[in-house]
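> The structure under discussion is supplied below as structure tokens; questions concerning it will follow.
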Amino acid sequence: MFWEKELRPIYFQSLKSVENQFKREERPLCLSSLKPLFRGKRDRELRMKRKSAAFVVHCALLTLVSVLTVRSKASNFDYGDALSKSLLYFEAQRSGRLPYNQRVLWRDHSALTDGLEQGVDLVGGYYDAGDHVKFGLPMAFTVTMLSWGVLEYGDAIQNVGEFQHALEAIKWGTDYFIKAHTSPHILWAEVGDGDTDHYCWQRPEDMTTSRQAYRIDEGNPGSDLAGETAAAMAAASIVFRKINPHYSHLLLHHAQQLFEFGDKYRGKYDENFGEVVKSYYASVSGYKDELLWAALWLYKATDNPDYLNYAVDNANTFGGIGWAITEFSWDVKFAGVQILATQFLHNEKHKQHAEVLRKYQAKAGYYLCSCLNKNNNGSNVQRTPGGLLYVRQWNNMQYVSSAAFLLTIHSDFLRSTNELLHCPEGALSPDEILGFVESQVDYILGSNPKNMSYLVGYGSNYPKKVHHRGASIVSYRENKAFIGCTQGYDNWYGRSEPNPNVLVGALVGGPDYHDEFKDNRGNYMQTEACTYNTAPLVGVFAKLNKLDRVHGIVTEGHSSLFASSK
């Protein structure tokens, strides 16, 4: 019998030594330089050896050829269809009692007693990936990104007829956060135990594993989780402000309480739960980025200058203007903080903060330029030979989708201010930035060396054996016969046939550094999808679909944007 133990990466570090370095603005660091460590599994391929100069040149030439192919096929991609499919994915990840208008019909009600042992109703929310644990930190980040996408590109989403579905995806998460925030200083952080959950391969409707719930409170703080949840609820409150004012006010009330709680009782949430969290979603970057992130979102939601003052006053001590980052994720929010802060720079009422906001802008530029291959001294995000951004082996697509989103957001900001992005190796226009975004999205949708769509259900050639319990086992609605903990491994996990249920809209982990991909259920580093992979793409698909329909995207010039790593 095959027993699986999936583990997410933890990055070994000494926080004090790291903080001493990143506080010096003139010496930028990138979090991806921290040495990774996997509990129970050693990742032999995560840190690729440097290639010879000849190999790099060869890869660059291959990349330029592939980019020309990407451009010639760009018109073949239906970004509107990709948007529709991406929103469908969130319905497959729903936990709890499914609504009458549920569109993913191979799913059914699940986890209907979550929180019962603790005397609290924790039914609902999202499963993060191919398992059945409800992890609060990545769930909140997912909702923040969905909300941001709707705020920026709501009209474009509406044009595709998907606005209501986008709202439903956000509200499914925020309804759960309201339940989980049972008092001003209590937030339920997780339901389920990843270790025991991963010993079983069952449909969510058949779960027999522990549904133990864990919380943060005054004695067990979690400023990172409280901050991200506050950011999610603040962003969502803006989304619902005109549509549902009462609900918007309720979300904002919870967001403000959570921020106050997280700021007053400081600490990392994973230090209170041990391996239950640390083996899966350890808060490596700490909580300071989430507190800055939450403050900026609360400022956008309330226009209360106290929140902006918080982000300005703590910009240095919290690393907001110290970190020079090359990734943006559910854990590391600094790049998002820096880009969000930059948007306030040109408003006259913020002129007293101009000096600090310009420092935020400088660090935002470092991240953007690193993605665009325009930093010097090799301080760029690596590329595969096919031109895909490459941060690390495990679930690399999460970094691609989040980068595409931030680049898209900032290109709009530059266009609105009639500016260029000035990088050490040249200036770039908003259209050129969007051209690079398009190349990354087109790679995801099929313009890659494998001619495979890594968005499940898009096109005809996509991963058929996604690492996902519910998708890999016969639908509960088709066959309600109970499938036990190990029966799934015995009868379904090792099958060579495609999954019986298609996880439409899921963005899987994607190819390795050489653009290679193995479609195998056991290859969870590449074939598992997560909610925070797909969430940033909702806004990006909407933007590209709108431009594609109007006048297309400028991608000529600056071939270095599309080249593989220097």
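What follows is calculated from the coordinates using simple rules that are stated; it is not laboratory data. Values in this document were obtained by computation on a predicted structure and should not be read as measured data. Heads up, the Cβs are rebuilt from the backbone with ideal geometry, glycines too, and the neighbour counts pull from every protein chain shown.
> Could you list 185, 249, 132, 410 in order of exposure, starting from the residue whose Cβ has the fewest other Cβ atoms within 10 Å?
249, 185, 410, 132
> Same structure again: Of 333/363; 288/351; 268/288; 464/546; 464/543, which pairs sit farther than 18 Å apart, going by alpha carbon to alpha carbon?
From the list (333/363; 288/351; 268/288; 464/546; 464/543), the Cα-Cα distance tops 18 Å for 288/351; 464/546; 464/543.
> First select every other residue whose beta carbon is under 15 angstrom from the beta carbon of residue 308; then total the charges, Lys and Arg +1, Asp and Glu -1.
Charge balance in the 15 Å sphere: -1.
> Full-extension gain between residue 260 and residue 113, please, as 0.36 nm times their residue separation minus the C-alpha to C-alpha distance.
Difference between extended and current length: 49.9 nm.
> To continue, here is another question. Taking the Cβ of each residue in 116, 251, 308 as the centre, tally the other Cβ atoms inside 10 Å and list the residues starting with the fewest.
116, 308, 251
> Also: Provide 323, 172 in ascending order of the number of other Cβ atoms located within 10 Å of each residue's Cβ, fewest first.
172, 323
> Given axes a ≥ b ≥ c from the Cα gyration tensor, I'd like to know whether region 496-538 is rounded (a/c under 1.5), prolate (a/b larger than b/c) or oblate.
oblate
> Please enumerate, by chain and number, the aspartates and glutamates with C-alpha under 12 Å from the C-alpha of residue 480, excluding those fewer than 8 residues away in the same chain.
Filter leaves 108, 205, 206.
> For region 257-365, what does the relative contact order come out to in percent, with C-alpha contacts under 8 Å and a separation of six or more?
The value is 22 percent.
> Convex hull over the alpha-carbon atoms of region 258-408: what's its volume per residue in Å³?
Value for region 258-408: 128 Å³ per residue.
> Would you work out if region 79-552 is rounded, prolate or oblate? Take a ≥ b ≥ c from the square roots of the eigenvalues of the alpha-carbon gyration tensor; rounded if a/c is under 1.5, else prolate when a/b is larger than b/c, oblate otherwise.
Working: a/c = 1.64, a/b = 1.19, b/c = 1.37.
It is oblate, given that a/c is not under 1.5 and a/b is not larger than b/c.
> Now a separate question. May I ask you to list the chymotrypsin sites (Phe, Trp or Tyr not before Pro) in region 454-548 that are in a DSSP loop and have at most 13 other Cβ atoms within 10 Å of their Cβ?
For chymotrypsin sites (Phe, Trp or Tyr not before Pro) across region 454-548 that sit outside H, G, I, E and B with at most 13 neighbouring Cβ atoms in 10 Å, the list reads 482.
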